[in-house]
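So the structure is just underneath, and the comments pick up after that.
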Amino acid sequence: MDSQHWRAVITAAQAGDRRALDELVEGWLPLVYNIVGRALNGHADVDDVVQETMLRAVGNLGSLRDPDSFRSWLVAIAMRQIRDRARRRTPDRLEEAAASDFAELTVLRLQLEGQRREVAEAVRWLDDEDRHLLSLWWLEVAGELTRRELAAAVGITRQHAAVRVQRMKERLETSRGIVRALDGACPDLREVTGRWNGRPDSVWRKRLARHLRGCGYCGGTRESVVPAERLLVGIALVPLPVGFTLSLALGGKTAAAATSAGWSAKLLGALTKPAVAMTAGATIVAGGAYVVTQPPDAPPPRFAVTPTATAGSAPPRTSAPPAPTPKSSPTATKKADPYGTVVDAVDRAPDPNARPAALPRRPESGITSTGGPKAVMQHRGDSVTLTGRGYVLVRWQISPGSRPGALVMPSWTGLKGRLFHVASGGWRRMDDPLPGAPNGYATGMGGPGIGYAVLPPGTQQMWQNEYFYLDGSVTLTQNERGCDYGLTVFPSNRDAVAEDIDTGPDRGALRYGLVRDTGTDSAPVPQYVTRATPADPATVPQRSRV
């Protein structure tokens with residue numbers, strides 16, 4: 001979500017703007033619902049906890065000093081309500097059945113299959129504490145939360161959070177093995193589960209785990225297991241159920257009590273004034289009640305589910321875009337597709353010893369950069385504007401060791417003139433194996449020990465160095481969310497590009513570079529580029545027409 005946009009919305013809501021408040025609740029309700037739903041696995045208390053969380057957030061909105069901290073503040077409120085609910089439970093309520101099992105809801109509403117379905121079902125076997133943590137880690141992997149926000153919500157340091165997450169993941173993997181084994185046909189397992197009542201719990205998880213460790217039949221199912229974080233990347237938030245109602249009416253609050261708690265008179269009036277307004281996927285009715293009207297077959301929001309990888313494979317190389325345009329002759333393509341319609345397609349890495357083609361020469365007068373000769377962009381929203389005629393180097397640094405998951409690509413906006421993707425270099429592609437890689441890495445995109453950076457479906461695999469030719473002006477924005485990454489942007493020149501891509505294995509490189517420039521306007525353009533200037537650069541479509 002665009003921080004600048006939400007900063008403005010939160011500020012307006014604090015000032016009493018009803019539309020801003022409506023947008024704030026509608027925009028963040030799905031996140032809260034998913035955290036609470038997964039933490040409580042769809043228990044009957046989910047609706048109450050979600051409602052109490054949102055009511056407290058709205059009621060204390062005036063006390064929030066920094067709008068940029070709204071998300072971590074909201075998540076912390078949700079986790080406090082979850083913990084309070086756990087403390088309030090009585091022995092009688094411990095035996096209540098879930099109103100709608102959230103694991104099954106996740107499987108059905110997101111149409112999960114294979115190992116993704118297995119991960120969702122394994123959640124049932126976790127203890128409450130692990131399930132609470134997983135509700136946050138799941139969203140971290142999907143790019144909805146940062147590790148800092150996860151740690152703040154749990155009330156621990158980032159270092160302690162890393163330890164807690166690792167232990168939770170180990171128990172999740174054990175639970176995945178149990179799910180697979182129960183779907184199998186092991187005769188000994190049937191004897192072990194003869195007295196089991198069918199309800200997952202920690203006692204039976206330990207018993208079944210002991211069986212798995214000593215059973216050759218069940219233990220063999222571990223051979224083709226994909227790490228959970230790679231399976232969770234790209235899974236959307238579970239849509240709110242049809243008919244889900246969130247009442248933000250004052251309840252027992254009197255006007256005086258609400259005012260003393262920090263509610264502005266304007267906001268108080270907006271909440272209590274009868275009104276009906278339509279928003280995307282929800283109807284806002286009198287007294288601040290939100291009734292979801294999204295149809296059951298509506299598409300899941302935000303992320304698409306990426307293909308499941310097989311164990312032992314390299315990090316996922318996403319499939320080509322659906323329904324590709326049939327190739328035609330170069331002359332026909334140029335006539336039918338004017339500048340800006342040709343983008344990179346997913347490709348295979350060339351042979352390490354394959355020398356690149358000759359790099360065409362284009363006119364150069366030099367590039368000026370608002371970031372100077374070396375613009376370092378480490379955080380979401382960092383940007384640099386480039387102007388002139390010449391070459392630009394964008395160097396990638398991906399850090400799945402800090403935070404693996406879905407990688408939201410940088411985007412080029414406000415383009416005036418022309419922009420081409422001319423070459424790839426840096427001696428390696430980011431998914432090349434790293435000899436002697438430490439700390440769980442296997443490639444520049446991560447490894448089984450730390451998780452992987454995963455590209456959006458259809459996106460070209462980047463190299464360490466990506467080169468572009470600009471004739472005009474454009475702004476490059478770092479859209480980090482999900483997997484941690486950074487970019488360094490250098491104005492360059494044609495000779496430096498040629499020297500980089502011509503360095504091969506005989507001089508210590510993993511592979512030669514790759515020339516993409518055709519020397520004409522049919523050369524590829526970046527995959528995420530637009531002449532427009534959107535409020536959120538991360539929303540630039542992948543196959544943009546410029």
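The values are calculated or read from the model by the stated rules, or taken from the named source; none is laboratory data. Note that the coordinates shown come from a computational prediction; the quantities given were computed from them, not determined experimentally. All Cβ positions, even for glycine, are placed from backbone atoms using ideal geometry, and neighbour counts span all protein chains on display. Accessible surface areas use protein heavy atoms only, side chains included; no ligands, DNA or RNA. Shrake-Rupley method; radii C 1.70, N 1.55, O 1.52, S 1.80 Å.
Tell me the per residue accessible area of the range 1-79 using a 1.4 Å probe; a whole number in Å² is fine.
35 Å²
Please give the net charge around TYR469, taking every other residue with its beta carbon less than 11 angstrom from that of TYR469, where Lys and Arg add +1 and Asp and Glu add -1.
Its environment carries a net charge of +3.
Output ³J(HN,Hα) for the range 166-181: one whole-Hz value per residue in order, computed from phi by the Karplus curve 6.51 cos²θ - 1.76 cosθ + 1.60 with θ = phi - 60°, and x for Gly and Pro.
The phi angles translate into 4, 5, 5, 4, 4, 5, 5, 5, 4, 5, 4, x, 5, 4, 5, 5 Hz.
Which residues' amide hydrogens lie under 5 Å from the amide hydrogen of GLY426, considering only partners 5 or more residues apart or on another chain, with H built in the peptide plane?
ASN465
So, in Å, what gap is there between the alpha-carbon centers of the range 19-82 and the range 473-511?
The range 19-82 and the range 473-511 have Cα centres separated by 41 Å.
Determine the per residue accessible area of the range 357-448 with all protein chains present and a 1.4 angstrom probe, expressed in square angstrom.
41 Å²
Please say if the range 428-537 is rounded, prolate or oblate, where rounded means a/c under 1.5 for a ≥ b ≥ c the square roots of the C-alpha gyration tensor eigenvalues, and otherwise the choice is prolate for a/b larger than b/c and oblate otherwise?
Oblate.
Can you compute the FRET efficiency between GLU170 and ARG543 using 1/(1 + (r/R0)^6), with r the Cβ-Cβ distance and R0 = 51 Å? Round to the nearest 0.05.
0.80
Please report, as a whole percent, how much of the solvent-accessible surface of the range 1-74 comes from carbon and sulfur atoms (probe radius 1.4 Å).
Roughly 45 percent, rounded to a whole number.
Where the centre of each part is set by its Cα atoms, how far does the range 431-471 sit from the range 137-176, in angstrom?
23 Å
Which percent of the accessible heavy-atom area of the range 340-385 goes to carbon and sulfur, probe 1.4 angstrom?
51 percent
Give the aspartates and glutamates reachable from LYS169 as a straight Cα distance under 13 Å; neighbours fewer than 8 places away on the same chain don't count.
Those aspartates and glutamates meeting the cut-off are ASP127, GLU129, ASP130, GLU229.
Taking the alpha-carbon distance from LYS416 and a cut-off under 16 Å, which aspartates and glutamates remain once sequence neighbours fewer than 8 residues away in the same chain are dropped?
ASP471, ASP521
Keeping all protein chains in place, calculate the accessible area per residue for the range 458-546 (probe 1.4 angstrom), answer in Å².
33 Å²
Strictly greater than 23 Å: what percent of every Cα pair in the range 362-516 meets that?
Beyond 23 Å sits 38 percent of the P(r) for the range 362-516.
Relative to the present Cα-Cα distance, how much length would full extension add between SER63 and ARG148 at 0.36 nm per residue of separation?
28.5 nm
Give the calculated FRET efficiency between ARG507 and ASN197 to the nearest 0.05, with a Förster radius of 60 Å applied to their Cβ-Cβ distance.
Taking R0 as 60 Å, the efficiency between ARG507 and ASN197 is 0.35.
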